[in-house]
Amino acid sequence: MEQEQREFLARERLDALERERLREQRDLDARRQIQELTDRLVHAEVARRDAERRMKDAEACKTHDPTETQGVTQSVMEAVRLERERLDANYAERWQQREAEADAERARWASEVHTSWKEQMSTMEQKVQELEAERERERESSQNIQRFHAGQVRDLRATLAQVQGRRSKRSVSKKHRQDKKKRRDVNPPSDSDPSSDSSDDDSSSESSEDSSDEDAGVNLTTAFATQAGTTLLTFRPYINSNTLGEFDTKASLRERVHWWERFTNMAAQGVT
């Protein structure tokens, strides 16, 4: 991008120099034409004066002798020659002066263009450096955000694995209680057996905990195993990452499980 901009500026500078050269060439051509017209007018004026002098000399010849007429003619020719030399010298001097002025103007314009081009290139390089620095800062910020979210996902995955482990244990114990209950149905215990009441209370409390755990995780995430042996989680799109930032990975297992249950309840209600 920077190379293309430099080439574009170089082409613009060359085009501007070419346009200036053409303009100066047109000016010089116009000056030459003006000078040629001026010379023609001067020569026409000189010719007119010569004609007038010749007429006067012819009239004078009628009244003077041939020797005097010849002297007057020579003096007139000498005057014409001197006038022509003076005009030629004046024209050459003015032409050299205009050429020098044109060269000075061309050099000044080229210097100004070069200075302006250097300033533009310096400004462009500064802008490119600022853009590169801004892009680098954005890249670092994006990497930090990605690392933060990756850490949060790892922590949530570990917590989810622990919660699923507890649920699997509870399901095993629940199945064991169901088998035990079936056996009690086949062989009902006596009314005086306190262990049956306590076991029934334990089973009811644990089943209520299981149901609360199951209700807490409804529609929050979808976990499935891939062929590589990893577990992928799909979160609901309205879950806010700021809420995930409140998760404390250094807390105890009980506190993390409690936080997870509360978070799933809030997510299911659309509060987060």
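The values are calculated or read from the model by the stated rules, or taken from the named source; none is laboratory data. Predicted, not measured: the structure shown is a model, and the values here were computed from it. All Cβ positions, even for glycine, are placed from backbone atoms using ideal geometry, and neighbour counts span all protein chains on display.
Could you tell me whether residue 45 is of a type in the set (Asp, Glu), surrounded by 10 or more Cβ atoms within 10 Å (Cβ to Cβ) and at pLDDT below 80? In short, yes. Within region 26-40, residues that are assigned to a helix (DSSP H, G or I) have Cβ atoms under 8 Å from residues that are hydrophobic (A, V, I, L, M, F, W, C) in these pairs: 27/102; 28/102; 35/95; 39/87, counting only partners at least 6 apart in sequence or on another chain.
Taken as a whole, the condition of being within 20 Å of residue 258 (Cβ to Cβ) and basic (Lys, Arg) does not apply to residue 118.
Against the definition (part of a helix (DSSP H, G or I), over 60 Å from the mean Cα position of the chain (by Cα), at pLDDT below 85 and not basic (Lys, Arg)), how does residue 92 come out, yes or no?
no
Return yes or no: is residue 109 among the aromatic types (Phe, Trp, Tyr) and closer than 29 Å to residue 12 by Cα? For residue 109, the condition - among the aromatic types (Phe, Trp, Tyr) and closer than 29 Å to residue 12 by Cα - is met.
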